[in-house]
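S.K.: Handing you this structure, nothing more for now.
The values are calculated or read from the model by the stated rules, or taken from the named source; none is laboratory data. Model, not experiment: these values are computed from the prediction. For neighbour counting, all protein chains shown are included, and Cβ atoms are generated from backbone atoms with ideal geometry for every residue, glycine included. Each accessible area value is taken on the protein alone, full model and side chains, heavy atoms only, with ligands, DNA and RNA left out. Shrake-Rupley method; radii C 1.70, N 1.55, O 1.52, S 1.80 Å.
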Amino acid sequence: MSAGAPRGAGGQADRGQGGGLRASLSGLTTRGRSFLAAGIAAAVCAYVLGQGALLRVGLLLALLPLLCVYALHRTRHRVSGSRRLTPGRVPAGAEARVQLRMDNTSRLPTGLLMLQDRVPYVLGPRPRFVLDRVEPGGRREVSYRVRSDLRGRYPLGPLQLRLTDPFGLVELTRSFSAFDTLTVIPRTEPLPPVRLSGESSGYGDGSRRSLALAGDDDVIPRGYRRGDDLRRVHWRSTARYGELMVRREEQPQRSRATVLLDTRQDAFEGAGPDSAFEWAVSAAASSLVHLLEQGYAVRLLTDTGDCVPGLGGGGFSSGGHESAEAAGLMMDTLAVVGHSDGAGLTRAYDAVRGGGGGGFGEAGGDGLLIAFFGDLDDVQTDLAAKMRQRTGGAVAFVLDSAAWSGQPARDLGPLPVEQRLHRLRDAGWTALAVPPGVAFGELWRRAGSTASGTGTSGGRV
């Protein structure tokens, strides 16, 4: 069974599993085996009794299933299939459409075709379809929908095809080897524009600059280089240094933000779509999407120190097409992120400071840090508080596992959520507790009101 070329997003199909004519004989159904046995028995009896008419009947009964085996054996190599998944990335709870297409490339019509696509149980029941006779050169298309309330990456396929003859004597099952992958990303919700600290001023020596023309990021002014516009000649500096000097033009700085997600196993209790950890993942995804829409250069950071997208410039996304690719990469990462075995936030602290993948750098830490913390003990609370020193603004959403799981608080280990919030606020954080089941949009609005109420300077996010 050959494969058709991919069509559409995520469509794939490969050559089906082969097998010889002897292997095809195993596809005889109970009816086919009965016909074959009856034909052989009739032929033996006709030979013993010398009945020519009975011999012809026996040969007919024995040859019919063998002819069906041969016909299906040839047909299976002339049926091609493809799959098209639309879209390949969906939020949790949303549906994706899978379209299957079968083409008969032989000169003979097919018998009854039964299709079955393998899907994980979390996406719903396994789809099965029955196709009637397909004429030579004809095609049939069927579709089904899948959805999952759990984020993750789920394989679709391989597609199984079962062929039968019109008499029901033979059934051959073959599988395509190709499969597609459906990525279910966390749910996101639209966030209101609020004013948080961390917005860059846009121009001037206090913010990072990108040059409009070629040249190194040196002091202003700089020496003339071939190709520089003569209208940018700085005559005062030229007279002072005795050589031709030009002004360096600046472009507005693109504000930067880091979204820090605490994934430590010890920081969260419970599991499932309504758990504290899943809320944190969904809220982090909403923050990333909102910040990118607002024009921020964004990166995703976890407690392990891993940075996404992890490209140049400290790991922050850039503008234009690369920003869209970075957004997809961050969403794909959040789709499969799980609990880490780490016991602390040391690596995340080093990354924020610039020691692990690029921090806010030596420009004074003019970026925005948005963190989602689980349970923190005394040491980790102090470590989280120190992260504020390297940022232009910091907002923390603190989850209490005991409140979310309904279990009594542990005597040892994490600090009470009130103490965590107090120490983070003393360090300059805008820190908010996250009650069970609260909408993140409301907390985001409250964070903006809190930052404005404390007189923190910043920009609209």
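S.K.: Let's test this: bin the Cα-Cα distances of region 126-197 at 5 Å from zero up to the farthest pair and state each bin's percent.
M.R.: 3, 9, 14, 17, 14, 10, 9, 6, 5, 4, 3, 2, 2, 1, 1, 0
S.K.: Let me ask something else. Percent of accessible area on region 87-136 owned by carbon and sulfur, 1.4 Å probe? Could you put the intermediate results ahead of the total?
M.R.: Values: 1380 of 2630 Å².
Carbon with sulfur: 53 percent of the solvent-accessible area.
S.K.: While we're on this one: Provide D266, D149, D400 ordered by accessible surface of protein heavy atoms (probe 1.4 Å), highest first.
M.R.: D266, D149, D400
S.K.: Accessible area per residue, 1.4 Å probe, Å², for region 76-168: what's the number?
M.R.: Numbers: 4590 Å² over 93 residues.
Ligands and nucleic acids excluded, the figure is 49 Å² per residue.
S.K.: Need the C-alpha centroid separation for region 229-248 versus region 385-408, integer Å.
M.R.: One Cα centre to the other: 52 Å.
S.K.: Sorted by average packing, counted as other Cβ atoms within 10 angstrom per residue and highest first, what order do 388-396, 169-177 take?
M.R.: Working: 388-396: 24.2, 169-177: 20.2.
Order by mean packing, descending: 388-396, 169-177.
S.K.: On the first, second and third principal axes, largest extent first, how far apart are the outermost C-alpha atoms of region 234-303 in Å?
M.R.: On the principal axes, region 234-303 reaches 71, 25, 10 Å in Cα extent.
S.K.: Quote the convex hull volume per residue of region 45-122, based on C-alpha atoms, as a whole number of Å³.
M.R.: Details: hull volume 11.0 nm³, N = 78.
Per residue, the Cα convex hull of region 45-122 comes to 141 Å³.
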